[in-house]
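Q: Once you've had a glance at the structure underneath, I'll fire off some questions.
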Amino acid sequence: MSGDHLARTDATALFHELTRSNLPATRRWYLVVGLLALVVLWGLGCFVYMMKAGMGVTGLNRPVMWGVFIATFVFWIGLSHSGTLISAILRLTNATWRAPILRGAEAMTAFTLMVGGLFPLIHIGRNWRFYYMIPYPNSRELWPNLRSPLMWDAVAINTYLLGSLTFLYFGMIPDLAIARDHATGWRKRFYTVLALGFRGTHNEWRRYHVASTIFAILIIPVAVSVHSIVGWDFAMAKVPGWHSTIFAPYFVTGAIFSGIAGVVLVMAALRKAFRLEKTLTTVQFENLGKLLCMMSLLWGYFYFAEFLTVWYNRNPEEWEVFRSYGGHYLPLWLSMFVCNFAIPFPMLCMRRVRRSIPALCTASFLVVVGMYAERILIVVPSLARRNDPFIWNNYFPTWVELSILASAVAMFLLLYIVFAKLFPIVAVSDVQERLFQATDRAVGGTTVESLARPEAHGEGGRG
Amino acid sequence: MKHKWAMAIDLDRCTGCGACVAACVAENNIPTAGEAEVEKGRSMQWIRVARYWDGEYPEANAVYLPVPCMQCERAPCETVCPVYATYHNEDGLNAMVYNRCVGTRYCANNCPYSVRVFNWRDHAWEKPLDEQLSPDLSVRSRGVMEKCTFCIQRIRRAREQAAAEVRPIRDGEVVPACVQTCPPGALLFGDLDDPHSEIARKLKDPRRFRLMEHLGTEPRVVYLKRQKGAGL
């Protein structure tokens with residue numbers, strides 16, 4: 001980001017460099033969007049077919065009543081813990097390197113939540129009656145059952161989605177104002193409406209900083225509670241392997257872990273696609289790599305703590321579940337362990353890997369795969385090896401389930417690509433602010449970036 | 001008048017014949033899922049006769065354990081249902097409201113006995129099998145959960161009969177289909193609130209135990225332990 005310091009010389013050039021994603025759509029863009037839309041449509045078709053024919057078209061059975069839909073739900077909600085949470089923490093800790101990744105990460109949260117939130121609805125047997133779970137006035141005076149963790153889930157995820165969307169939009173207002181000032185045609189009208197008349201006066205900026213600090217503080221407990229509650233969907237149940245007090249913090253850790261890996265991959269893709277090499281530098285990637293390394297260690301610690309207690313205790317019901325990790329579910333268990341810990345942790349301990357974007361992306365991709373394996377491993381074996389050995393049964397997803405999973409990935413990418421086309425995908429004003437604070441100083445024979453930043457309390461509005 | 005319906009299952013008497021399963025299917029409009037579906041673990045039967053092997057071949061003995069819904073007093077299935085589709089009724093039974101069920105299948109996961117069955121598909125009764133459908137209860141559509149009800153339609157009929165004759169329900173007046181059919185008489189049904197009922201006396205047997213009692217679900221189905229030794 002240092003180097004030529006465009007901001008101080010030419011704000012317009014900086015804006016154009018950071019908003020390449022908003023250039024008029026090319027034929028290739030339409031091609032990609034069209035392909036993704038096709039995959040989404042295919043998944044939609046599969047969903048309608050499943051709705052018509054019944055859940056029998058999945059691989060589910062008794063006792064494995066929950067399968068990949070629920071595992072995928074947990075996975076997507078986990079991925080959502082990257083953006084808003086990281087962005088909020090970085091804002092609060094005033095990490096100076098945060099600026100270029102804020103927007104991309106926050107957008108990722110919004111879209112992973114939208115996609116993940118669909119899965120409980122896809123999963124239920126009578127999707128067309130989903131509104132029974134909404135507390136609406138009805139003649140039978142029936143209310144949803146708030147003792148059910150599923151209701152906690154619905155409340156938490158909706159809160160987080162609304163909060164994240166607000167956070168995303170709010171953080172974007174100054175950038176929308178900049179975009180408005182540069183745009184013409186329909187984009188001008190579009191940004192004018194969305195920028196809410198932001199002009200960049202001192203007073204507006206002061207309020208903006210106060211509000212974004214408050215948002216950042218409020219969103220952190222929401223994010224933590226969301227994945228705790230997703231963990232409690234399982235931990236509250238009388239199912240050996242699920243019923244565990246460690247699940248809430250373990251799920252939050254796993255969520256942040258996979259979320260950071262997701263952010264790395266998205267950032268690398270944005271950097272490549274929109275030639276943001278000057279903005280997204282190794283500084284950002286190395287710092288994300290450090291976070292990923294720490295989360296890998298933390299995840300390993302949680303898994304070890306959970307495993308050790310069950311292994312030592314040998315409570316027969318729980319031990320049967322854990323034994324299946326070494327039997328029928330060994331491939332899944334190995335993918336989890338190798339991809340989450342055995343490879344990424346030693347890899348990320350090396351500075352060379354953290355500073356190399358392809359290597360970091362490899363590690364992140366492994367983590368995403370490993371965390372997906374972990375989600376399946378949590379949902380399926382505990383059900384498949386439950387209490388009564390007479391009904392033990394295995395589970396494998398069918399083509400219908402796999403199609404819907406694929407279309408969810410396509411839907412996420414589609415939402416992201418369309419978002420990047422319409423909105424500034426890099427937080428222009430934050431990058432600008434960061435560049436204004438930086439100066440190059442000659443130290444000995446080399447040039448070093450020196451950073452002047454406001455006092456921590458000064459940003460709160462009093463300064 | 002309140003009742004505390006309960007079932008006793010004498011494992012000494014159970015021969016594992018499966019007549020209870022057949023009777024239950026006939027009584028409760030339970031569809032036959034077909035061989036392929038059953039192989040996938042999608043049998044629709046409300047009572048299963050679990051078979052375990054005791055000892056090694058050739059001295060192996062089959063041990064049978066009929067498992068209907070335990071009608072738990074502290075039922076784990078009820079708390080997790082987001083829409084109150086399964087609830088505790090006035091007689092302390094776990095009742096299902098099929099029309100309210102959205103099919104989250106959480107109840108089935110939270111049932112330690114795995115006795116809840118899910119309608120993975122719509123089921124059809126080909127002619128003339130549709131003639132056997134009981135008009136006393138509904139046919140369940142795809143996407144809803146169902147399970148043993150202790151033949152709630154028979155309990156209701158007995159209650160109406162007793163009310164019409166202005167008398168309490170007599171002991172032995174309510175007989176679920178499985179109990180009625182069991183050839184060796186291993187199953188017994190009755191009201192635990194009535195201290196003179198046959199089941200109240202039978203459950204004084206020191207052989208009594210409840211399935212997975214340590215989970216604290218307080219099942220209304222009580223087993224009488226199988227005795228090893230002569231005659232088995």
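The values are calculated or read from the model by the stated rules, or taken from the named source; none is laboratory data. Predicted, not measured: the structure shown is a model, and the values here were computed from it. Neighbour counts are summed over all protein chains in view; Cβ atoms, including those assigned to glycine, are modelled from backbone coordinates with ideal geometry.
Q: Return the only residue of B:84, B:57 being at the interface with chain A (Cβ under 10 Å from one of its Cβ atoms), at pLDDT below 95 and out of contact with any strand residue (DSSP E or B) (no Cβ under 7 Å at 6 or more places or on another chain).
A: None of the other options fit; the residue is B:84.
Q: Surrounded by 24 or more Cβ atoms within 10 Å (Cβ to Cβ), of a type in the set (A, V, I, L, M, F, W, C) and at negative phi, is that true of residue A:89?
A: Considered against the rule, which asks whether it is surrounded by 24 or more Cβ atoms within 10 Å (Cβ to Cβ), of a type in the set (A, V, I, L, M, F, W, C) and at negative phi, residue A:89 comes out as no.
Q: Being farther than 16 Å from residue A:257 by Cα and either touching a residue at least 40 places away in the same chain (Cβ under 8 Å) or in contact with a strand residue (DSSP E or B) (Cβ under 6 Å, 6 or more places away or on another chain) (or both) narrows it down to one of A:403, A:364, so name that one.
A: A:403
Q: Considering only residues of region A:17-34 that are out of contact with any helix residue (DSSP H, G or I) (no Cβ under 8 Å at 6 or more places or on another chain) and assigned to a helix (DSSP H, G or I), which is nearest to residue A:99 (Cα to Cα)?
A: A:20
Q: Quick check on my filter: what residues within region A:35-90 are farther than 28 Å from residue A:336 by Cα and not in a helix (DSSP H, G or I)?
A: Across region A:35-90, the qualifying residue is only A:54.
Q: Considering only residues that are more than 11 Å from every other protein chain (Cβ to nearest Cβ) and closer than 19 Å to residue A:237 by Cβ, which ones fall in region A:121-154?
A: none
Q: Also, quick follow-up: Within region A:368-405, which residues are surrounded by fewer than 22 Cβ atoms within 10 Å (Cβ to Cβ) and in a loop (DSSP other than H, G, I, E, B)?
A: Scanning region A:368-405 gives A:387, A:388, A:392, A:393, A:394, A:396, A:397, A:398.
Q: Here's another thing I want to ask about it. Filter region A:243-264 for residues that are in contact with a Gly (Cβ under 6 Å, 6 or more places away or on another chain) and surrounded by fewer than 24 Cβ atoms within 10 Å (Cβ to Cβ); which is nearest to the other protein chains (Cβ to nearest Cβ)?
A: Only one residue fits best here, namely A:247.
Q: Quickly run through region B:91-123 and pick out the residues that are at the interface with chain A (Cβ under 7 Å from one of its Cβ atoms) and among the β-branched types (Val, Ile, Thr).
A: Passing the criteria: B:102, B:104, B:117.
Q: For region A:233-242, which residues satisfy the criterion of being more than 11 Å from chain B (Cβ to nearest Cβ) and of a type in the set (A, V, I, L, M, F, W, C)?
A: Passing the criteria: only A:235.
Q: Something else: Would you mention how many residues in region B:39-66 are surrounded by 14 or more Cβ atoms within 10 Å (Cβ to Cβ) and either more than 24 Å from residue B:141 (Cα to Cα) or without any contact (Cβ under 8 Å) to a residue 60 or more places away in the chain (or both)?
A: 8
Q: For region B:173-216, name all the residues that are of a type in the set (Gly, Ala, Ser) and either within 14 Å of chain A (Cβ to nearest Cβ) or surrounded by 14 or more Cβ atoms within 10 Å (Cβ to Cβ) (or both).
A: B:177, B:186, B:190, B:197, B:200, B:216
Q: I'd like the full set of residues that are of a type in the set (A, V, I, L, M), crowded, with 20+ Cβ neighbours inside 10 Å and facing another protein chain (nearest Cβ under 8 Å), limited to region A:48-72.
A: The answer is A:55, A:60, A:64, A:65.
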